[in-house]
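Working notes, beginning with the structure itself.
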């Protein structure tokens, strides 16, 4: 193993049921009750669920009409993103008291590199504990944390002792931790990929580690290389204080299913305008336009086209989306349409992946 790469101390902080917890904090009458943020109405989709609701199987991205069947006493509240953003800023302010190396993933989670920190504390575990306590004292919410040598392991570990807990995976524990890990717990392996791995006899990190790089690349494409390295504890991506946006999108779920392309054009116009507005606000443009179609049976289809130039203009986005819509016949009535732009002008050429491995040293975590 190479020892030319730095050993990092990374914390992944994840707020517990963030949107729902904010609602319960602001309205004490909701505390201890099954709560869903969003999801109301005929076609509503849940943005977040409280832990009381999760006991019934209610979870984010679930249709509200299904959630109410699982939990008849479920309370729906409308999302208040301005409030969530306000709370998120309070939490991040606490992060910056410890390090300037903070990489937000969303409003409710972030990576922190505390290898060298403002407190001069050699223990990342104690820093994480202190941060969580301050969030509770100063904001009124609980958070969980994962601590380890890289972002991948810290992300996985933060889910271990939720809610209101933390888990440290010390350098000498990394290999064993990953070998015993269910592949469903690997960050980056979704439900479809997990099922494919099951069919290949891969159930744990140990099973995954036994497969060659050629096997993983031939069966899982470019992701195969990622799986090959992370199961060995290799994930050299640093904490990035300025995350580069990879795509920008907008979508709409319809109250009634749409049955004809003609009925969809007005909706596409509205979506294209929203995408163009967001591109302008972010001061970016993109080359690849993708049309997302979700049918009434919940099957999902995407159609993409890459242009020879960067665009952000509403008219061009709309015309390209129309072409994609008419590209082939629709499979069924449509409940959702979305447009996204990727291959943005903010992306830089990727550097070759480092294949060297951080030496597993013992030091205070």
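Go through segment 53-74 and give me each residue that's touching a residue at least 24 places away in the same chain (Cβ under 8 Å), surrounded by fewer than 19 Cβ atoms within 10 Å (Cβ to Cβ) and in a helix (DSSP H, G or I).
54
Yes/no per residue for (1) loosely packed, with under 14 Cβ neighbours inside 10 Å; (2) touching a helix residue (DSSP H, G or I) at 6+ places or on another chain (Cβ under 9 Å):
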site	(1), (2)
248	no, yes
251	no, yes
266	yes, no
269	no, yes
275	no, yes
280	yes, no
291	no, yes
301	no, no
305	no, yes
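Does residue 223 fit the bill of being under 21 Å from the mean Cα position of the chain (by Cα) and in contact (Cβ under 8 Å) with a residue 40 or more places away in the chain?
Answer is no for this residue.
When both residues are 6+ apart or on different chains and their Cβ atoms are under 9 Å apart, which pairs have a first residue that lies in segment 152-169 and is on the phi > 0 side of the Ramachandran plot, and a second that is modelled with pLDDT of 95 or more and part of a loop (DSSP other than H, G, I, E, B)?
Every condition considered, the pairs that remain are 164/16; 164/142.
If the Cβ limit is 7 Å and pairs must be 6+ apart or interchain, which residue in segment 314-326 that is in the same structural domain as residue 271 (by TED's automatic domain parsing) and outside any helix (DSSP H, G or I) pairs with which residue that is surrounded by fewer than 20 Cβ atoms within 10 Å (Cβ to Cβ) and modelled with pLDDT under 95?
Short answer, once both residue conditions are applied: 326/261.
If a residue must be surrounded by fewer than 15 Cβ atoms within 10 Å (Cβ to Cβ) and under 25 Å from residue 105 (Cβ atoms), how many such residues does segment 253-264 contain?
Total meeting the criteria: 0.
What about residue 224, is it at pLDDT 90 or above, in a loop (DSSP other than H, G, I, E, B) and either within 30 Å of residue 199 (Cβ to Cβ) or not assigned by TED's automatic domain parsing to the domain that holds residue 320 (or both)?
Against the criterion (at pLDDT 90 or above, in a loop (DSSP other than H, G, I, E, B) and either within 30 Å of residue 199 (Cβ to Cβ) or not assigned by TED's automatic domain parsing to the domain that holds residue 320 (or both)), residue 224 does not qualify.
Take residue 353 and tell me if it is under 26 Å from the mean Cα position of the chain (by Cα) and modelled with pLDDT under 80.
yes
Is there a residue being at pLDDT 95 or above, crowded, with 20+ Cβ neighbours inside 10 Å, touching a strand residue (DSSP E or B) at 6+ places or on another chain (Cβ under 8 Å) and assigned to a loop (DSSP other than H, G, I, E, B) anywhere in segment 201-219?
No, every residue in segment 201-219 fails to be at pLDDT 95 or above, crowded, with 20+ Cβ neighbours inside 10 Å, touching a strand residue (DSSP E or B) at 6+ places or on another chain (Cβ under 8 Å) and assigned to a loop (DSSP other than H, G, I, E, B).
Rundown of residues vs (1) in the same structural domain as residue 157 (by TED's automatic domain parsing); (2) assigned to a loop (DSSP other than H, G, I, E, B); (3) under 19 Å from the mean Cα position of the chain (by Cα), yes/no style:
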| residue | (1), (2), (3) |
| --- | --- |
| 89 | yes, no, yes |
| 92 | yes, no, yes |
| 100 | yes, yes, no |
| 103 | yes, no, yes |
| 122 | yes, yes, no |
| 126 | yes, no, no |
| 130 | yes, no, no |
| 134 | yes, no, no |
| 137 | yes, no, no |
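Is it fair to say residue 141 is modelled with pLDDT of 95 or more and touching a helix residue (DSSP H, G or I) at 6+ places or on another chain (Cβ under 6 Å)?
yes
If only one of 148, 50 is touching a helix residue (DSSP H, G or I) at 6+ places or on another chain (Cβ under 7 Å), crowded, with 20+ Cβ neighbours inside 10 Å and either at pLDDT below 95 or within 25 Å of residue 27 (Cα to Cα) (or both), which one is it?
50
Considering each of 112, 178 in turn, give the residue that is in a helix (DSSP H, G or I), closer than 28 Å to residue 225 by Cβ and in contact with a helix residue (DSSP H, G or I) (Cβ under 8 Å, 6 or more places away or on another chain).
After ruling out the rest, the residue left standing is 178.
Kindly list the number of the only condition in (1) over 20 Å from residue 159 (Cβ atoms); (2) crowded, with 17+ Cβ neighbours inside 10 Å; (3) within 20 Å of the chain's Cα centre (by Cα) that fails for residue 35.
(3)
The values are calculated or read from the model by the stated rules, or taken from the named source; none is laboratory data. These numbers were taken from a predicted model, which means no experiment stands behind them. Using ideal geometry, Cβ is built from the backbone for each residue, glycine included, and neighbour counts are taken over all protein chains shown.
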